[in-house]
């Protein structure tokens, strides 16, 4: 694959009760430095989350996911100070280990020819 470029991605997951270490995949964040691409796709299956736990605040989780998307887009007005950082720093911040209701998996590498298409494929495989 002569046009293949390196990318990194992490799965976004809801962890309603951190102490139980149970989670539900809700999104993917992908960074491809050579193409200047940083993107995020997410979706919460509200019925599945409700079956998984009744303790989660759906609107709060949706707000967190919107913030992830705005940070990926570099939206300085709404994404806050993190959105002003270079794409590599934003990706590292988004995928940093944290013990909150929204967490990222470990970062995984891969090669692709189209980062946006790869993001969509990973989202279909890991979240849908």
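Quick grid of which residues meet (1) in contact with a helix residue (DSSP H, G or I) (Cβ under 8 Å, 6 or more places away or on another chain); (2) in a strand (DSSP E or B); (3) farther than 23 Å from residue 5 by Cα:
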site: 82; (1), (2), (3): yes, no, yes
site: 99; (1), (2), (3): yes, no, yes
site: 106; (1), (2), (3): no, no, no
site: 110; (1), (2), (3): yes, yes, no
site: 120; (1), (2), (3): no, no, no
site: 123; (1), (2), (3): no, no, no
(request) Scan region 55-78 and give yes if some residue there is closer than 22 Å to residue 20 by Cα, touching a helix residue (DSSP H, G or I) at 6+ places or on another chain (Cβ under 9 Å), in contact (Cβ under 8 Å) with a residue 12 or more places away in the chain and in a helix (DSSP H, G or I), otherwise no. (result) yes
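Taking the residues in region 80-117 that are within 16 Å of residue 12 (Cβ to Cβ) and crowded, with 18+ Cβ neighbours inside 10 Å as candidates, determine which candidate is farthest from the chain's Cα centre (by Cα).
Of region 80-117, the ones within 16 Å of residue 12 (Cβ to Cβ) are 82, 90-108.
With the extra rule that they be crowded, with 18+ Cβ neighbours inside 10 Å, the set shrinks to 90-91, 94-95, 101-104.
Details: 90: 11, 91: 9, 94: 7, 95: 8, 101: 13, 102: 9, 103: 8, 104: 7 Å.
By that ranking, first place goes to 101.
Please specify each residue of region 2-16 satisfying the condition of being in contact with a helix residue (DSSP H, G or I) (Cβ under 8 Å, 6 or more places away or on another chain), crowded, with 17+ Cβ neighbours inside 10 Å and either over 11 Å from residue 29 (Cα atoms) or modelled with pLDDT under 95 (or both).
Of all residues in region 2-16, those in contact with a helix residue (DSSP H, G or I) (Cβ under 8 Å, 6 or more places away or on another chain) come to 5-12, 14, 16.
So of that shortlist, the ones also crowded, with 17+ Cβ neighbours inside 10 Å come out as 5, 7-12, 14, 16.
Residues satisfying the conditions are 5, 14, 16.
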(request) Identify the single condition in (1) under 28 Å from residue 5 (Cα atoms); (2) in contact with a strand residue (DSSP E or B) (Cβ under 7 Å, 6 or more places away or on another chain); (3) part of a helix (DSSP H, G or I) that residue 92 does not satisfy, given that it satisfies every other one. (result) (2)
(message) If residue 72 meets every condition in (1) closer than 18 Å to residue 13 by Cβ; (2) buried (at least 17 other Cβ atoms within 10 Å of the Cβ); (3) at pLDDT 95 or above apart from one, which number is that one?
(response) (3)
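Closer than 30 Å to residue 20 by Cα, exposed (fewer than 15 other Cβ atoms within 10 Å of the Cβ) and in contact (Cβ under 8 Å) with a residue 24 or more places away in the chain: does that describe residue 124?
Numbers: closer than 30 Å to residue 20 by Cα: yes; exposed (fewer than 15 other Cβ atoms within 10 Å of the Cβ): yes; in contact (Cβ under 8 Å) with a residue 24 or more places away in the chain: no.
No: the conditions fail for residue 124.
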(message) Would you confirm whether or not region 17-37 contains a residue that is in contact with a strand residue (DSSP E or B) (Cβ under 8 Å, 6 or more places away or on another chain), surrounded by fewer than 20 Cβ atoms within 10 Å (Cβ to Cβ) and assigned to a loop (DSSP other than H, G, I, E, B)?
(response) yes
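The values are calculated or read from the model by the stated rules, or taken from the named source; none is laboratory data. Please read all numbers here as calculations on a predicted model, not as lab measurements. Note that we place each Cβ from the backbone using ideal geometry, even for glycine, and neighbour counts take in every protein chain shown.
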